[in-house]
Amino acid sequence: MKRFIAIFLLCCFGIYHFGYYVAYFSFNLQIENTWVDKIYGDKLDGLEERFLEIPMTLPYMADEEEFRPSNTRFEKDGQHFRAVKQRYVNDTLQIVYVPDTTKNSLDNTIKTWISSLVQDELPDSGNNTLLSKTFVKDYIQPENQLVYGFSVLDERQLIGFIFSAYQSQYLNLNTPPPELFS
């Protein structure tokens, strides 16, 4: 019985800390499957279609007369879109895309969920101190107290008949470069 309770509590701990990853990936997979059914099942009626042309030159790419189905996600101006049809004509990639509102709502929901979980654990002082306390460790370089007891010596190695005409390859020039006279 103790082993069962220990495993149950460990599972609860894992779900509490990593449950949003599982929820995000499972809902994301469900959204992808829904889009595959819509795009390849020709169920695109009622969606707000937009048109985008991207000029690009691809060697040996033949012009296409008809649009072909495409299932490509992309983000534009902070919003998620889905390319549903595309074709290549006259060195231009023409894309028909629709807004992916389910992906936008999933991302917003997960962000608010994570921020609500993190907000409970942090102190409720001002926003500036909140940011400084949470992210200060990422920007502070740790001090290294290690002292090196040896110095690095330059070694001059000649390989075969390749040699340098200069004794030192590191020149100490203290003068500026010469100016051009006209």
What is the local net charge at T92, summed over the other residues whose Cβ is closer than 12 Å to its Cβ (Lys, Arg +1; Asp, Glu -1)?
-3
Once amide hydrogens are built 1.01 Å from N within the peptide plane, the residues lying 5 or more places from V84 or on another chain with amide H under 5 Å from its amide H are V96, Y97, V98
Could you give each residue of region 61-66 its phi-based ³J(HN,Hα) in whole Hz, using Karplus coefficients 6.51, -1.76, 1.60 with θ = phi - 60°, and x for Gly or Pro?
9, 7, 6, 10, 7, 9
Of the accessible area of region 1-110, computed with a 1.4 Å probe and all protein chains kept, carbon and sulfur make up a percent value of 60
Rounded if a/c is under 1.5, else prolate if a/b is larger than b/c, else oblate: which is region 1-110, with a ≥ b ≥ c the root eigenvalues of its Cα gyration tensor?
prolate
Accessible area per residue, 1.4 Å probe, Å², for region 1-110: what's the number?
73
Of T57, Y24, L93, which is farthest towards the positive pole of region 1-110's charge dipole, taken about the Cα centre with +1 and -1 on the beta-carbons of Lys, Arg and Asp, Glu respectively?
Y24
Checked against a 20 Å limit on the C-alpha separation, the offending pairs among K43/K76; K43/K85; K43/K111; K85/K111; K38/K111 are K43/K76; K43/K111; K85/K111; K38/K111
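The values are calculated or read from the model by the stated rules, or taken from the named source; none is laboratory data. Just so we're clear, the structure is a prediction, and the values are computed from it rather than from any experiment. Heads up, the Cβs are rebuilt from the backbone with ideal geometry, glycines too, and the neighbour counts pull from every protein chain shown. SASA here: full protein model, heavy atoms, side chains in, ligands and nucleic acids out. Shrake-Rupley method; radii C 1.70, N 1.55, O 1.52, S 1.80 Å.
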